[in-house]
Amino acid sequence: MGNKKKNKKANKFLNFLETQISIDDKDNTLAQKCKFNFAYFVNDSAGQDFRDWSQKQLYELFDKLKEYSKFPLAHWEKQKLGNHPLFVKYSQFPTNTDFELPKSIPHQAIWSRFRLEGDSRLIGFVLPDEYKDEEQNKSGFRFDTNIFYVVFLDGKHKFYKTK
């Protein structure tokens, strides 16, 4: 009787393994998905901290992060909500802004933003394409140009003011 229970468990485990996907599958897109990094996150006088946002705003933020994580950053540059792009790269840190340029951000950073809900924006930077797969200082670690480094929460569209 003990063998039947053991075989049942073994069969269940084997069936589970057979239904699992693999990163080696030809249709797997894991490496293409953009990533979000919060190591450079700051809240200056213009930006907000997570505790400043309502539960609804935080839910919407994480819901958007979940959706934006499904595709590479290049995909989001082409997507629009009406006439407004969902993801934008700027040529420089804006001059018409309420935010201050943090000293901790590399000068090579390409300032960018994701549109969230209403006037809310997620502000950060990406790395220039010439750094793609380059090793950093013989560390064995390579740069990834498909990462969005979050720097500010902008709940009132004050980073790149258009009005």
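Read-outs: derived from the displayed coordinates by stated rules, not from any lab. Fair warning: this is a prediction, and the values are worked out from it, not measured in the lab. No Cβ is skipped: glycine too gets one built from the backbone with ideal geometry, and neighbour counts run over all protein chains shown.
Which trypsin sites (Lys or Arg not before Pro) from region 50-104 combine a DSSP loop assignment with at most 13 other Cβ atoms within 10 Å? Numbers along the way, then the final one.
Values: sites: 51, 56, 64, 66, 70, 78, 80, 89, 103; in loops: 70, 103.
Answer by residue number: 70, 103.
Using Cα pairs closer than 8 Å and at least 6 residues apart in sequence, work out the relative contact order for region 32-154, in percent. Don't skip to the end; give the middle numbers.
Details: 197 pairs, mean separation 42.0, N = 123.
Reported relative contact order: 34 percent.
Apply the Karplus parameterisation 6.51 cos²θ - 1.76 cosθ + 1.60, with θ equal to phi minus 60°, to every residue of region 87-96 and state each ³J(HN,Hα) to the nearest whole Hz, in sequence, with x for glycine and proline.
Each residue of region 87-96 in turn: 10, 10, 9, 9, 6, 6, 5, x, 8, 8 Hz.
Of 19, 124, 34, which is farthest towards the positive pole of region 1-145's charge dipole, taken about the Cα centre with +1 and -1 on the beta-carbons of Lys, Arg and Asp, Glu respectively?
Toward the positive end, the furthest listed residue is 19.
Quote the FRET efficiency, to the nearest 0.05, computed for residue 84 versus residue 28 with a Förster distance R0 of 41 Å and r equal to the Cβ-Cβ distance.
Details: r = 32 Å, r/R0 = 0.77.
After rounding to 0.05, the efficiency reads 0.80.
Spelling out what I want: for every residue of region 119-135, take phi, set θ = phi - 60°, compute 6.51 cos²θ - 1.76 cosθ + 1.60 (Karplus), and round to whole Hz; glycine and proline get x.
Karplus values, whole Hz, x for Gly and Pro: 8, 6, 9, 10, 9, x, 8, 10, 8, x, 4, 5, 8, 4, 6, 6, 6.
Could you work out the local net charge near residue 143, counting Lys and Arg as +1, Asp and Glu as -1, over the other residues with Cβ closer than 12 Å to its Cβ? Intermediate results must be reported in sequence, preceding the final value.
Working: positive: 132, 142; negative: 129, 130, 133, 134, 135, 144.
Cβ neighbours under 12 Å give a net charge of -4.
5 Å is the cut-off here: which amide hydrogens, built 1.01 Å from N in the peptide plane, fall below it relative to residue 37, excluding neighbours closer than 5 in sequence?
148, 149, 150
Using the scaling law 2.2 N^0.38 Å as the reference, what is the normalised Cα Rg of region 1-111?
Details: Rg = 22.3 Å, N = 111, 2.2 N^0.38 = 13.2 Å.
The value comes to 1.69.
Within the set of other residues whose C-beta is less than 13 Å from the C-beta of residue 126, count the net charge using Lys and Arg as +1 and Asp and Glu as -1.
Combined, the nearby Lys, Arg, Asp and Glu give 0.
Roughly what angle does helix 55-68 make with the longest principal axis of the chain, taking Cα atoms, 0 to 90 degrees, to the nearest 10?
Helix 55-68 sits at roughly 70 degrees to that axis.
Cut-off 10 angstrom, C-alpha nodes, Gaussian network model of the chain. Which of 52, 27, 44 fluctuates the most?
Its mean-square fluctuation being the largest, the pick is 27.
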